[in-house]
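First comes the structure, then the notes that go with it.
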Amino acid sequence: MAEEVEWFVGIDWASQSHQVCLVDAHGACLGERAVAHGGAGIEELCDWLIARTGATPEVIGVAIEMTRGPIVEALLERGFCVYGINPKQLDRFTVAGAKDDRRDAHVLGDSLRTDRHAFRRLSNDEPVIVKLREWSRMADDLQQERARLASRMREQLWRYYPQMLELADDLAADWFLDLWNQAPTPAKAVRLRATTIERFVKAHRLRRWQAPEVLRILKQKPLSVAPGVVEAASDHIRTLTARIRLVNQQLKSAHCKLDELCAHLIPSEENEPGQQCEQRDVVILRSMPGLGRIILAVLLAEVWQPLRRRDYHALRTLSGVAPVTRRSGKTCVVVRRYSRNKRLENALYHWARLATQHAALSRGRYAALRRRGHSHGRALRTVADRLLSVACTLLAQQTLFDPTSEVRDAAGA
């Protein structure tokens, strides 16, 4: 398909209007224009490109500094060949100077003509993947909001009620909010009865704490604070608890939605003979150690296309586990890759961390790397690199992960 592209378009996108430049196969500029962002403007752009070239969308390549968005989706729906590139990567094709939208659009189109291998071919994802990506990012945002609210609650408790911080590491847990509601101040904690705490511990199934220990902690000598501090901090925490409960409820709903969307990609028994390759891919990924709901959702949402192509090199580059080698004369320096997908990087970090806890071979590899002097993060990135390689191999062979063979390999090593 790449060899059939005969016309090249560069789009320098913006929030209000987009600058477009059309280049032919010889590098001559055939036209420039600005189009407004909106349904009518994008439709007018597509019609202008077809009318100007007299060709079908399948032979018109479009270069743009983004991989998703309404412009990309509209062009793909019309059948154009859309290629994305990182803005930092595009800087290599330009001479340092003043910012100019027309020049940027021309550089995009001409760079696509001469260096198409530096661009990434884009395609529309399936609707379930689009929804999965959105819910995965919403779950991530909710988790970050939950952590922020818990930090603010810790700050307020530290002001007047530090003994309560001894009872939980997760201050946003529902049981901790219920306990604070039972005793929002040290004065009310003193009046708590043992039977009340016993019922509370039993109702919330707290195995870590026994009722006498909880009472002992809550009834410690309180801080001496200025008048009004306890009331002010309590009021602040009361507003925080309402927001935390809402975030907890939304986060549970997001996790249930992720399970539901992932289940859509898993073949049912009656559809087993004609199941699609993408469905089998999800089953194979779920068989690997350390891949739970959250990490699997991030993989499917962020790098679904490279996974479908079994593109190991693209996966390790996008996730940041592939190091960068810098050579100059006799000097060779290997450094960490800082240009990567941050959500994917975080997911692979936790995938490798969990794999070292539950998989013998990953645990042995991590221990060997640490003995060689590698830092914790570098060792986990190496383990994640191996996990990506194993995943691509299993996907290519359409084989489930076999933990028994890994145990035998680890024992032989």
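Only the coordinates and a few stated rules stand behind these numbers; no lab work does. Since this is a predicted model, take the numbers as computed values, not measurements. Glycine also receives a Cβ, built like all others from the backbone with ideal geometry; neighbour counts cover every protein chain displayed.
For segment 158-256, the spread of Cα positions along the three principal axes, ordered from largest to smallest, is 44, 29, 19 Å.
Over all Cα atoms in segment 47-91, the spread is summed up by Rg and Dmax: 11.4, 33 Å. Taking the average, over residues, of other Cβ atoms within 10 Å as the packing measure, peptides 124-134, 299-309 rank 299-309, 124-134 from highest down. Each residue, ALA368 and LEU354, gets one label point 7 Å from its Cα in the Cβ direction; the gap between the two is 2.5 nm. Dividing the alpha-carbon radius of gyration of segment 133-211 by the rule-of-thumb value 2.2 N^0.38 Å gives 1.29. Computed extension length for ARG326-ARG33: 101.4 nm, one decimal, from 0.36 nm per residue of separation with the Cα-Cα distance subtracted.
Full-extension gain between TRP48 and VAL130, please, as 0.36 nm times their residue separation minus the C-alpha to C-alpha distance. All intermediate terms of the calculation are to be shown ahead of the outcome.
Details: separation 82, 0.36 × 82 = 29.52 nm, distance 2.90 nm.
Extra length from TRP48 to VAL130 when fully extended: 26.6 nm.
Per-residue ellipticity at 222 nm from helix content only, as computed over the chain with -39500 (n - 2.57) for each DSSP H run of at least four residues, stands at -18500 deg cm²/dmol.
Translational diffusion coefficient, Stokes-Einstein: compute it for segment 74-211 using the Kirkwood radius over C-alpha pairs as Rh, at 4 °C and 1.567 mPa s, and state it as an integer in µm² s⁻¹. Intermediate results must be reported in sequence, preceding the final value.
Values: Rh = 20.9 Å.
Translational D for this selection: 62 µm²/s.
Simple rule: put +1 on each Lys or Arg Cβ and -1 on each Asp or Glu Cβ in the chain, find the dipole, and look at ALA242, GLY377, CYS262; the Cα lying farthest toward the positive end is GLY377. Note on the chain: with charges restricted to the Cβ of Lys and Arg (+1) and Asp and Glu (-1), its dipole about the Cα centre is near 2900 debye. Just want the answer: with Cβ charges of +1 for Lys and Arg and -1 for Asp and Glu, which residue in GLY79, TYR338, HIS117 is farthest toward the dipole's positive end in the chain? Final value for the positive-end residue is TYR338.
Spin-label model, ALA203 to CYS256: label points 7 Å out along the Cα-to-beta-carbon direction sit 2.2 nm apart.
Can you list the residues of segment 182-204 with backbone N under 15 Å from a point 7 Å past the Cα of GLU213, pointing along Cα to Cβ? Of the residues in segment 182-204, 198, 201-202 have backbone N under 15 Å from the label point off GLU213. Rounded to whole Å, the principal axis extents of the Cα atoms in segment 286-335 read 46, 22, 16, largest first. Placing +1 on each Lys and Arg Cβ and -1 on each Asp and Glu Cβ, with no other charges, gives segment 68-167 a dipole about its Cα centre of roughly 160 debye. Once both labels are positioned 7 Å from their Cα atoms along Cα-to-Cβ, the gap between GLN89 and HIS264 label points is 2.9 nm.
The charge dipole of segment 139-225, taken about the Cα centre with unit charges on the Cβ atoms of Lys, Arg (+1) and Asp, Glu (-1), comes to about 560 debye, rounded to the nearest 20. Given R0 = 35 Å, the distance between the Cβ atoms of VAL229 and SER15 translates into a calculated FRET efficiency of 0.15. Binning all Cα-Cα separations of the chain at 10 Å, short to long from zero, yields these whole-percent fractions: 4, 16, 20, 21, 19, 12, 6, 2, 0. Computed over the Cα atoms of segment 226-265, the ratio of the radius of gyration to the Kirkwood radius (Rg/Rh) comes to 1.42.
Where does segment 110-162 land on the Kirkwood hydrodynamic radius, alpha-carbon pairs, in angstrom? Don't skip to the answer; put the middle values down first.
Numbers: mean 1/r = 0.0653 Å⁻¹.
Value: 15.3 Å, from the Cα pair sum.
If the Kirkwood radius is taken over C-alpha pairs of segment 1-55, then at 4 °C and 1.567 mPa s the Stokes-Einstein diffusion coefficient equals 109 µm²/s.
If you restrict to DSSP beta bridges whose two residues both lie in the chain, what percentage is antiparallel, to the nearest 5?
Values: 19 of 28 bridges.
So the antiparallel bridges amount to about 70 percent of the total.
In a Debye calculation with equal point scatterers on the alpha-carbon sites of segment 327-392 and no solvent, what is log10 I(q)/I(0) at q = 0.22 Å⁻¹? Listed by q, the Debye log ratios stand at -0.94. Shown is the FRET efficiency for HIS26 and HIS376, computed with R0 = 56 Å from the Cβ-Cβ distance and rounded to the nearest 0.05: 0.55.
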